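Visitor: Below: one structure in structure tokens.
Just so it is clear, none of the values below were taken in a lab; they were calculated from the coordinates. Worth saying up front: this structure is predicted, and the values here are computed from it rather than measured. Quick reminder, even Gly has a Cβ in these numbers, built from the backbone with ideal geometry, and neighbours come from all protein chains shown.
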Number of protein chains: 2
Amino acid sequence: MAQRTGHRAAPEHTHPDDVPVLTALAALADPVRLVLVRELAGSGDWTRSCGSFDVPVGKAALSHHFAVLRGAGLVEQRDEGPRRVNRLRRTEFEARFPGLLDLVLRETPTA
Amino acid sequence: MAQRTGHRAAPEHTHPDDVPVLTALAALADPVRLVLVRELAGSGDWTRSCGSFDVPVGKAALSHHFAVLRGAGLVEQRDEGPRRVNRLRRTEFEARFPGLLDLVLRETPTA
DNA sequence: ACGAGTGTTCGATAGGAAGCGAACACTCGC
DNA sequence: GCGAGTGTTCGCTTCCTATCGAACACTCGT
């Protein structure tokens, strides 16, 4: 067989083009997910595993949040060995919702 | 006395500049409020009273939604006789959250 | 000053979303 | 093939929000 790293249940992805505005807004309207998106934006693609984020929630909740982000077309995931690495779908999301991502990233978390 | 139309409890307004992103997103992440904002955008300033919107909710809920929109700096209200008329704070909100309003208005409700 | 019209507030209910802990699934190094 | 590391799923609790009906407040015409 080919070099398939992980024949685990592939994560379901939704392309930004198929995402209603309401879904996108709802996905971003959460403090934890906001942190995820921001940290993700500050890191290179596929460099961050799900567990590597500094958020005050357990694994279960974290997993759920990533599912929401996937469903909103904000994040793409790929299995790499035992861990699941992430990528922010910057350009695709920007094409679908111009300015929205910038808006969220332009904010200081301290505010 | 001056021509004061209404000495009712003046509605509390929040300027968009004082609104956190999260609040703005949360305010827009609701189907009913989305309709309100869109209909409001399609009408002239101060031409629509609260009760004049085609949404499937009662007066109580409606009142609450407008309170949320005010709190997010999206809507300005003024008492005009017995009714409370509204205005979408287009430019102010646009200045604070560039592109966000356009994003919401550019959508077909049918989608 | 009464009554119709319009909004807000109160109290209560129902639904959804976020959170946790525990159990399970998969990958990899030893 | 065991065990540590990593994520997902499940069941349950908790909290927040949307909603309603009813009561109240204000304005205006008659």
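Visitor: Can you tell me which residues in the stretch B:32-79 are within 27 Å of B:ALA95 (Cβ to Cβ), in a helix (DSSP H, G or I) and among the aliphatic types (A, V, I, L, M)?
Guide: Going residue by residue through the stretch B:32-79, those that are within 27 Å of B:ALA95 (Cβ to Cβ) are B:32-50, B:53, B:64-79.
Retained after the next criterion (residues that are in a helix (DSSP H, G or I)): B:32-41, B:50, B:64-71.
Listed by number, the residues that qualify are B:VAL32, B:LEU34, B:VAL35, B:LEU36, B:VAL37, B:LEU40, B:ALA41, B:ALA67, B:VAL68, B:LEU69.
Visitor: If you don't mind, another one. With (1) farther than 20 Å from A:ALA95 by Cα; (2) assigned to a strand (DSSP E or B); (3) in contact with a helix residue (DSSP H, G or I) (Cβ under 9 Å, 6 or more places away or on another chain) as the list, and A:PRO11 as the residue in question, which single condition is left unmet?
Guide: Condition (2) is where A:PRO11 drops out.
Visitor: In this structure, is B:ALA27 outside any strand (DSSP E or B), among the small types (Gly, Ala, Ser) and over 11 Å from the mean Cα position of the chain (by Cα)?
Guide: Taking the combined requirement at face value, the residue does not satisfy it.
Visitor: Right, something else. Given (1) within 26 Å of A:ARG8 (Cβ to Cβ); (2) within 11 Å of another protein chain (Cβ to nearest Cβ), where does A:GLU39 come up short, assuming only one miss?
Guide: Status for A:GLU39: all satisfied but (2).
Visitor: Next question. Search the stretch B:44-78 for residues being small (Gly, Ala, Ser) and away from DNA strand C (no atom under 13 Å from the Cβ), and hand back the single one that is nearest to the other protein chains (Cβ to nearest Cβ).
Guide: Looking at the filtered set, the residue picked out is B:ALA72.
Visitor: Okay, next question. How many residues does the stretch B:80-111 contain that are closer than 22 Å to B:THR23 by Cβ, more than 14 Å from chain A (Cβ to nearest Cβ) and either of a type in the set (Lys, Arg) or not in a helix (DSSP H, G or I) (or both)?
Guide: Final tally of qualifying residues: 6.
Visitor: Among (1) away from chain B (no Cβ under 14 Å); (2) within 12 Å of DNA strand C (Cβ to nearest atom), there is one condition A:THR23 misses while meeting the rest; what is its number?
Guide: Result: A:THR23 passes all but (1).
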